[in-house]
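Asks: For reference, the structure I am asking about is given below.
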Amino acid sequence: MKSIEIFGAEIQYFRLEPEYWEKVIKCFKDAGLRCVTSYVPWNTHLVGLPDKKNPAGILDFEGKTNPRLNLMRFLDLVEKYELNLNFRCGPFVCNEMVYGGYPQWLVMGHPDMMVWDYQNRPAPGYWIAKKEGSQPSYLHPEYLMWCKKWFDAVDKIVVKHLKSKGGCITMVNLDNEVSYIVQDGFLSSDYNPVNVAPGGYYHKFLTEKYKKTTNLPYSKKYVCIEDINPPRRVPDELKEEDVAYYLDWCEFKEWVMCEYLRTLRKFHEENGVKDVIFMTNLNPHLPEGVPTRMPSFESAVGGIVGYDFYRGTFMSYSGYHSMARILKLMNSSLRYTYSAEFMSGTWQKVLTARVSSDHMRFMARCALSHGCKAICWFMFHDRDCWGDAPVSSHGHIRENLDVLKEVPEILFKKIKNWDTLQPQYDTGIIYDLIQHRHTYIGDPYPCDDNNLYIGKPFIRDIPAGRASKEYIGLFRIIEECGYQAGAIDIVHSTKNLGKYPLLFLPGAPLIEKHAVKALESYIKDGGILVLSGCLPEIDERGNVVKFLGVVRSKKIEDVATIEYNKGKLIIIPGYIAQDECEEENFNSIDLVKKILKRYVGDPAVKIEIPVPLEWTDWKKEGGGHTIYRQPRNLGSAILHKNKEETVLFVLNHYPEAAKFIITLKDRHYRRLINLDTGEIIPVKNRKAILDIDRKSACIYLVQ
């Protein structure tokens, strides 16, 4: 898979006047992009109700009723310019559309077909402009029947236009942001009888996992699995004997979404859609990966999984860290890391804040610096409910189109092999899925990625969300120490544990049994594990865990180091990364810095600011001037390597231009070459001084 073939942007033919189609596509081609992506919405092409001849409804793909619907002509133009196409036919598309692209009669269908919440109420659907309709239940046979009818219709077009047959289609989006249309909180879905009635999919899932009732790790005993009902409340306290019961409902939601994606892929394949990359995309969740688990989705689609990144202008420091953290987890658990929708423009037609080229450039380079291999910009052009894109709805070129041009120019012409470059991380932070499922159980709205839930259910006095917040905060603290931390999805794979001399584990009352064994082996083989927060005590089945023989009753007043064979367990009593972004505790930063310096040594590349930065601006309250000081290090330096080259990304997150001192660990480097300007910066005694504009990023070839 070559990233250059996936780089692209969204062009929506049905939201443009046909007279501008070719002009917009030519702008796309001239920008050096390869892959057009476009939704093909069911309700847009639907011009009449289903009948015997037209089981998915009367559909217009040739522009007979409206020239904007001439999909066939649009595909011909994409092929004329020798571009690739990601065919995004839903069935759900979202896309700021009424009903999210579903036909009205589908979302207004019988309540029995819809997602139900814990009170057996149909969950609301995608309410844009009209507050009506519901989300169909993913595995309901009637809904899947309608999906198949829709695919049967569009796949006749797809098969004719496959790249392997001389056409343009190289990718097919199985569905968009699969998450019960964000109704995926613990109690908000999916209690539809097709799932939870006796013999439903919930019982099928439990049977696959446990085989028989005697293997169930639940406090309550059951004669048969079909007698089990799912949780319909969140307790204030979660006791160990009930842990598995609640965690299984989390896992079941993930299982349903994966079964749904597998079914959609099967429909396409049965229609002859082959030699394409099947994909799906994930919308923001906090904590990431619950219940939309990345490697599970990748397995289900049999292709690739992308993430949708949207950030306000200018991208904040917290927004950067959210993006970086997610990409690090993707690097850890997916075969390929890319963004399926990367904000280009804004969903506000009447603009309150411009989407400048500076912002787009900074946001893109922040993503690329942490291993995002390809970007699909969303949108390429203005359309209804969208403005300030790189190209107008009439094909006028705007300044931010330069960003779309320059990124492929740098990555594929100035760097020899972008696809094999890998970010170099000095340490790792453990992502243990069970910790974040604990957070999810209490969170009423996990799609709100701006607010991390902390509260019930408590487990042994520790609230849900505490370990997730520690996980998030540790990335920032380590970076402010001048180091870079990768994520390790320890449940997915343990292969990367040994590449780091030191790892951090956010302490939680829950820990996967698999993770315990892997971390014990890591320590005994010479690794150093730093645990902050509380000692893990319970595994996913509710069994008591003695993590390396240390139990919670052992009172630890100060930082304790316990040696095991060649390695060490460093226990920090209490959580140290609970502060908000840009307010991280200095004692925590100093403690982490001392540990890193002692056990990791020099980072691959260290970034420092000689003196704390300060700037004068208006007071946030009351008016007048004030001096702002930020003594924390808000610079980022990420080194990438392959066998041929070394590339350095340097990011300035301050609202003010700043000089940074860069120190490279390897002594043989002599210069940095700015890939934008060609400027050569000498490296003396492993150090270089870089002057970086505010909220911007520079890319250097290191020689």
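The values are calculated or read from the model by the stated rules, or taken from the named source; none is laboratory data. Keep in mind that what you see is a predicted model, and the values were worked out from it rather than measured. All Cβ positions, glycine included, derive from the backbone under ideal geometry; neighbour counts span all protein chains shown. For the accessible areas, the whole protein counts, side chains as well, though only heavy atoms, and no ligand, DNA or RNA atoms are used. Shrake-Rupley method; radii C 1.70, N 1.55, O 1.52, S 1.80 Å.
Asks: Of all alpha-carbon pairs in segment 296-378, indicate the percentage at a distance above 18 angstrom.
Replies: Details: 1415 of 3403 pairs.
More than 18 Å apart: 42 percent of the Cα pairs in segment 296-378.
Asks: Another question about this same structure. Net charge near P444: determine it from the other residues with C-beta under 13 Å of the C-beta of P444, scoring Lys and Arg +1 and Asp and Glu -1.
Replies: On the way: positive: R233, K456; negative: D117, D184, D443, D448.
Once positives and negatives cancel, what remains is -2.
Asks: Another question, if that's okay. Kindly state, to the nearest 0.05, the FRET efficiency for H625 paired with T677, given R0 = 35 Å and r defined as their beta-carbon distance. Walk me through the numbers on the way to the answer.
Replies: On the way: r = 34 Å, r/R0 = 0.98.
FRET efficiency, H625 to T677: 0.55.
Asks: Taking only protein heavy atoms and a 1.4 Å probe, what accessible area per residue, in Å², does segment 452-566 have with all protein chains in place? Numbers along the way, then the final one.
Replies: Values: 4430 Å² over 115 residues.
That works out to 39 Å² for each residue.
Asks: Counting only C-alpha contacts under 8 Å and six or more residues apart, can you give the relative contact order of segment 31-84 as a whole percent?
Replies: Details: 48 pairs, mean separation 15.9, N = 54.
Rounded, it is 29 percent for segment 31-84.
Asks: Also, I was wondering about something else. What residues qualify as long-range amide H neighbours of G90, i.e. H under 5 Å apart, gap of 5 or more or another chain, H built at 1.01 Å from N?
Replies: The list, which skips near neighbours in sequence, is V40.
Asks: To continue, here is another question. Between E269 and E208, take the C-beta separation as r, use R0 = 30 Å, and let me know the FRET efficiency to the nearest 0.05. Numbers along the way, then the final one.
Replies: Working: r = 23 Å, r/R0 = 0.76.
Calculated transfer efficiency: 0.85.
Asks: Show H625, H321 ordered by accessible area, largest first, where the area counts protein heavy atoms only and the probe is 1.4 Å. Could the numbers behind the result be given before it?
Replies: Working: H625 130, H321 10 Å².
From most accessible down to least: H625, H321.
Asks: With every protein chain left in place and a probe of 1.4 Å, what is the accessible surface of E79, to the nearest 10 Å²?
Replies: 50
Asks: Under the rule of at least 5 residues apart or a separate chain, name every residue whose amide H is placed under 5 Å from the amide H of I277.
Replies: M171, V172
Asks: Determine the per residue accessible area of segment 176-238 with all protein chains present and a 1.4 angstrom probe, expressed in square angstrom.
Replies: Working: 2770 Å² over 63 residues.
Per residue, segment 176-238 has an accessible area of 44 Å².
Asks: Give, as a single signed number, the net charge of other residues whose beta carbon lies under 14 Å from the beta carbon of G428, with Lys and Arg counted +1 and Asp and Glu -1.
Replies: 0
Asks: Turning to a different aspect of this structure: Give me the net charge for the shell around E614: Cβ to Cβ below 12 angstrom, other residues only, Lys and Arg +1, Asp and Glu -1.
Replies: Details: positive: R629; negative: D617, E656.
Neighbourhood net charge equals -1.
Asks: Which peptide among 97-108, 289-300, 464-475 comes first, and what is the full order, when sorted by highest mean count of other Cβ atoms within 10 Å? The partial results should precede the final answer.
Replies: Details: 97-108: 21.1, 289-300: 22.7, 464-475: 24.8.
Top to bottom by mean Cβ count within 10 Å: 464-475, 289-300, 97-108.
Asks: Full-extension gain between K26 and S164, please, as 0.36 nm times their residue separation minus the C-alpha to C-alpha distance. All intermediate terms of the calculation are to be shown ahead of the outcome.
Replies: Details: separation 138, 0.36 × 138 = 49.68 nm, distance 2.30 nm.
Value of the extension gain: 47.4 nm.
Asks: Taking 8 Å as the Cα distance limit and 6 or more residues as the minimum spacing, I'd like the relative contact order of segment 155-228 as a percentage. Don't jump to the answer; show the numbers that get you there.
Replies: On the way: 38 pairs, mean separation 11.2, N = 74.
That works out to 15 percent.
Asks: Compute the Cα gyration tensor for the chain, then decide on rounded, prolate or oblate, letting a ≥ b ≥ c be the square roots of its eigenvalues: rounded whenever a/c is under 1.5, prolate when a/b is larger than b/c in the other cases, and oblate in all that remain. It would help to have the intermediate numbers written out before the result.
Replies: Working: a/c = 1.85, a/b = 1.12, b/c = 1.66.
Oblate, because a/c is 1.5 or more while a/b does not exceed b/c.
Asks: Suppose all protein chains stay in the model; what accessible area per residue would a 1.4 Å probe give for segment 574-637, in Å²? If you can, show how the numbers build up before the last one.
Replies: Working: 3860 Å² over 64 residues.
Ligands and nucleic acids excluded, the result is 60 Å² per residue.
Asks: Normalising by the residue count of the chain, find the relative contact order in percent from Cα pairs under 8 Å and 6+ residues apart.
Replies: Values: 1498 pairs, mean separation 76.0, N = 703.
Over the chain, the number comes to 11 percent.
Asks: If you count, for each residue, the other Cβ atoms within 10 Å and average over each peptide, how do 235-246, 277-288 line up from highest to lowest? Kindly include the intermediate steps, with their values, before the conclusion.
Replies: On the way: 235-246: 17.6, 277-288: 22.8.
With the highest mean Cβ count within 10 Å placed first, the list reads 277-288, 235-246.
Asks: Counting only protein heavy atoms and a 1.4 Å probe, tell me what percentage of the chain's accessible area is made up of carbon and sulfur.
Replies: 49
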